[in-house]
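Contents: one structure, followed by commentary.
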Amino acid sequence: MELKRTLIKNAKIVNEGAIFEGDVLIEGDIIKKIDVSISAKWADVIVIDAEGKYLLPGAIDDQVHFREPGLTHKANIETESKAAIAGGITSFIEMPNTNPQTTTVEKLEEKFAIAAKTSSANYSFMFGGTNDNLDEILKVDEKSVAGLKLFLGSSTGNMLVDNPEVLEKIFKSTNMVISVHCEDETTIKANFQKHLDEYGEDIPIEKHPVIRSEEACYLSSSKAIALAKKTGARLHVFHLSTGKETKLFTNKIPLKDKKITAEVCIHHLWFSDKDYKEKGTRIKWNPAVKTKKDREQLWEALLDDRIDVIATDHAPHTIAEKENVYTKAPSGGPLVQHALPAMLEMYHKEKITLEKIVEKMCHNPAILFQVEKRGYIKEGYFADLVLVDLNNPWTVNKDNILYKCGWSPFEGATFKSRITHTILNGDLVYHNFKFSNVKAAKRLTFNR
């Protein structure tokens, strides 16, 4: 049977710190050839003219909450992976705080089975650590799962790991990347009680970064890093939100050799505490969006490579849930459809280069999690590719939001850049707000 061939012509290819014009030939699910000019010599080749557009590797989002199983009134793997594809995210790593939690190998495999049937994007999952599941952690095949997730501050699903002895055992017992949510629970509880006593249930949303404070973040992050240094564990700190935390990380070592790495999320790069007045609980996240100075310091650390990865922490809730008073409004918001357009907006504002966006959203997640043959535009790699028109403005509104929850913190924002094509494992799965019916998603594999 003849291999399916797709030829992308005249693209501005963004890859490994360079931008160059050229063509990309895809055969089956693999990038076969990259050259200045490739002739369409096959009768059945599909040709995509990318004149004026930029070709990026598909983004890899290392932190999403797609809510399945158990919380599917908010979202599910089918709806949110589709939104990811429309946003140029071709691979995701989903978190364990579902219902039931992904804290046994049996529950992990059940999620893989759901994704195999319904996901529009390549998928993997993190295994959840708790105070009492070390035996299950030791059963996990390190080559078939993205890594281990620990909540060192309470979050959705009540998976807090707060026993220091257990924590040290986990750090010593696994070679997997240990990804952590770092907020000190004791500090948060004291801050919360103080504000509850003062305001009652309806605490002003502007107090969120005071309750989930810089101190709470730094205390937890610094402890996790100290433990990683003590045990030699491979640690990845999720969603930094403070300038102070950035000082805990280094840019003196190549990423492939780093034992301790860091991530920043779109919302901490975009919003500040000044936005609570307009956006309210729609921008209530854990960790909290903090000050303009924190945001500036996060950008500085991202650009000088102390922060390694940009992710979303996509965590949808219904708008009815979000519109509750502070004490009852859940933290989290949907982001996968708008993350790359938001970062491209920052490119237009001369805040970041296209090359750096690709490094942080495509290359580095692949390096950090040792994802096999993805995250780059390279011959022999899987053809996960995104074409972007940098001058094709569109406005986020209810009619084009794809999340099951039906809202976005970016509603009303106009983005200059548009994702026009998403290619997944060699198949064109999305083109100008329309999806193909092709099932192209694969389970991620890891080079370990």
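The values are calculated or read from the model by the stated rules, or taken from the named source; none is laboratory data. A quick note: this is a predicted structure, and the numbers were derived from the prediction, not measured. Neighbour counts run over all protein chains shown; Cβ positions are idealised from the backbone, glycine included. All accessible areas refer to the heavy atoms of the entire protein, side chains included, with ligands and DNA or RNA removed. Shrake-Rupley method; radii C 1.70, N 1.55, O 1.52, S 1.80 Å.
Against the conditions (1) of a type in the set (Ser, Thr, Tyr); (2) within 26 Å of Pro330 (Cα to Cα); (3) in contact (Cβ under 8 Å) with a residue 40 or more places away in the chain, Thr104 satisfies every one except (3). Scanning the stretch 401-423 for residues that are open to solvent by less than 60 Å² (accessible area, probe 1.4 Å) and under 21 Å from Gly52 (Cα atoms) turns up Phe415, Ser417, Arg418, Ile419, Thr420, His421, Thr422, Ile423. Looking only at residues of the stretch 14-35 that are open to solvent by 50 Å² or more (accessible area, probe 1.4 Å) and either assigned to a loop (DSSP other than H, G, I, E, B) or without any contact (Cβ under 8 Å) to a residue 40 or more places away in the chain (or both), we find that the one that is nearest to Gly52 (Cα to Cα) is Glu21. Note on the stretch 328-358: among residues that are open to solvent by 40 Å² or more (accessible area, probe 1.4 Å) and in contact with a helix residue (DSSP H, G or I) (Cβ under 9 Å, 6 or more places away or on another chain), the one that is farthest from Leu390 (Cα to Cα) is Lys328.
The selection criterion, being in a helix (DSSP H, G or I), within 19 Å of Ser272 (Cα to Cα) and open to solvent by less than 10 Å² (accessible area, probe 1.4 Å), holds for Ala301. Tell me whether the stretch 322-336 contains one or more residues that are under 19 Å from the mean Cα position of the chain (by Cα), farther than 22 Å from Ser179 by Cβ and not hydroxyl-bearing (Ser, Thr, Tyr). No, that holds for no residue. Note on the stretch 36-94: among residues that are at positive phi and surrounded by fewer than 19 Cβ atoms within 10 Å (Cβ to Cβ), the one that is nearest to the chain's Cα centre (by Cα) is Gly70. Can you tell me which condition Asp257 does not meet? The list is (1) open to solvent by 10 Å² or more (accessible area, probe 1.4 Å); (2) under 21 Å from Ala224 (Cα atoms); (3) touching a residue at least 24 places away in the same chain (Cβ under 8 Å), and all the others hold. Among (1) open to solvent by 10 Å² or more (accessible area, probe 1.4 Å); (2) under 21 Å from Ala224 (Cα atoms); (3) touching a residue at least 24 places away in the same chain (Cβ under 8 Å), Asp257 violates only (3).
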